Amino acid sequence: MTEPILAGRGVVKRYGEVVALAGVDISIRPGEVIAIVGPSGSGKSTLLHVLAGILPADDGEVFLGTQAITRLTETERSKLRRTAFGFVFQSGMLVAELTAEENVALPLLLAGAPREKGIAAAREWLVRLGLGGLAGRRPGEVSGGQLQRMAIARALAHRPRVIFADEPTGALDTRTGEETITALLTVAQETNAAVVIVTHDESVARRAQRVIEMRDGRIAVRAAV
Ligand SMILES: Nc1ncnc2c1ncn2[C@@H]1O[C@H](COP(=O)(O)OP(=O)(O)O)[C@@H](O)[C@H]1O
Ligand SMILES: [Mg+2]
């Protein structure tokens with residue numbers, strides 16, 4: 001059996017009195033696509049943020065492969081996020097002042113790539129996502145769907161092992177949302193990246209290999225699709 005690329009064991013997260021995660025166990029295999037669904041406030045975003053090392057857990061462990069990321073310092077987690085993980089959120093995250101190619105190159109430049117190399121790789125990713133003609137546009141100069149594909153190119157450019165997407169289609173119409181998910185899953189599959197998608201959208205959840213339902217900070221249902 002394949003070892004999980006990412007796993008949470010007994011993960012607890014509180015905000016003051018609010019128990020957002022009440023002991024979550026989850027395993028994600030390399031290249032697997034998982035959707036996390038559930039009512040608003042059930043802990044979906046918190047789970048994603050703790051798995052991604054954005055928020056520290058109060059109890060339990062998160063493993064990337066065999067490495068316990070819950071034991072790393074904030075600086076080490078931050079480095080791990082830049083190298084091993086990619087992020088696609090509902091909106092934002094792209095730098096308004098930078099062009100598409102500069103935005104997509106940013107994670108590569110932060111990881112130490114020379115500018116020329118980063119920009120060249122960014123252009124290739126934009127072409128791959130059907131945005132070859134928009135390399136010089138800024139985020140405010142493209143459509144919502146193009147913006148999300150730009151965000152996908154940026155999330156994938158450094159070849160992360162896991163991509164985290166929180167409501168990636170939340171600001172899009174149904175058709176554009178479906179095209180966006182297709183683009184995300186296609187490039188993720190090509191690079192064998194696992195994908196964890198938090199979504200309200202049934203049509204997005206149907207594209208996952210596994211759907212996990214959250215209720216009150218716990219996993220309520222594990223349905224194989
Ligand atoms: N920064 C925060 N401060 C205090 N409470 C929070 C914060 N973020 C989330 N919560 C609470 O934690 C619970 C889980 O929230 P969240 O993970 O955002 O759920 P979901 O993404 O499923 O809507 C909710 O009760 C929410 O109100
Ligand atoms: Mg949320």
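The values are calculated or read from the model by the stated rules, or taken from the named source; none is laboratory data. Remember, predicted model here, so these are calculated numbers, not experimental data. Backbone-built Cβ (ideal geometry, glycine too); neighbour counts: all protein chains shown. Protein only, heavy atoms only, side chains kept; ligands, DNA and RNA dropped before computing areas. Shrake-Rupley method; radii C 1.70, N 1.55, O 1.52, S 1.80 Å.
Details
- Meets criteria (assigned to a helix (DSSP H, G or I) and open to solvent by less than 50 Å² (accessible area, probe 1.4 Å)) for THR176: yes
- Hey, ALA155 free of Cβ contacts under 8 Å to residues at least 40 places away in the same chain and either part of a helix (DSSP H, G or I) or of a type in the set (Asp, Glu) (or both) or not: no
- If only residues of the range 58-74 that are open to solvent by less than 30 Å² (accessible area, probe 1.4 Å) and in contact (Cβ under 8 Å) with a residue 24 or more places away in the chain are counted, the one that is nearest to GLY31 (Cα to Cα) is LEU64.
- Any chance ILE197 is among the hydrophobic types (A, V, I, L, M, F, W, C), open to solvent by 20 Å² or more (accessible area, probe 1.4 Å) and within 27 Å of SER42 (Cα to Cα): no
- If the condition is being surrounded by fewer than 18 Cβ atoms within 10 Å (Cβ to Cβ) and closer than 19 Å to SER45 by Cβ, then the range 1-28 contributes VAL12, ARG14, TYR15, GLY16, GLU17, VAL18, VAL19, ALA22, GLY23, ASP25.
- Scan of the range 87-134 for residues that are of a type in the set (A, V, I, L, M) and over 22 Å from THR169 (Cα atoms), ordered by number: LEU98, ALA105, LEU106, LEU108, LEU109, LEU110, ALA111, ALA113, ILE119, ALA120, ALA121, ALA122
- First in the range 29-53 and within 13 Å of ligand 2 (Cβ to nearest atom) and open to solvent by 10 Å² or more (accessible area, probe 1.4 Å), second anywhere and among the β-branched types (Val, Ile, Thr) and part of a loop (DSSP other than H, G, I, E, B), Cβ under 9 Å, 6 or more apart: VAL37/THR199; LYS44/THR199
- Sole exception among (1) part of a strand (DSSP E or B); (2) modelled with pLDDT under 95 for PRO168, by number: (1)
- Subset tally (residues that are out of contact with any helix residue (DSSP H, G or I) (no Cβ under 7 Å at 6 or more places or on another chain) and among the polar types (S, T, N, Q)) for the range 175-218: 5
- Residues that are away from ligand 2 (no atom under 16 Å from the Cβ) and either acidic (Asp, Glu) or part of a helix (DSSP H, G or I) (or both), drawn from the range 189-206: GLN189, GLU190, GLU202, SER203
- Test: residue in the range 25-37 that is farther than 27 Å from MET150 by Cα, within 16 Å of ligand 1 (Cβ to nearest atom) and at pLDDT 95 or above: yes
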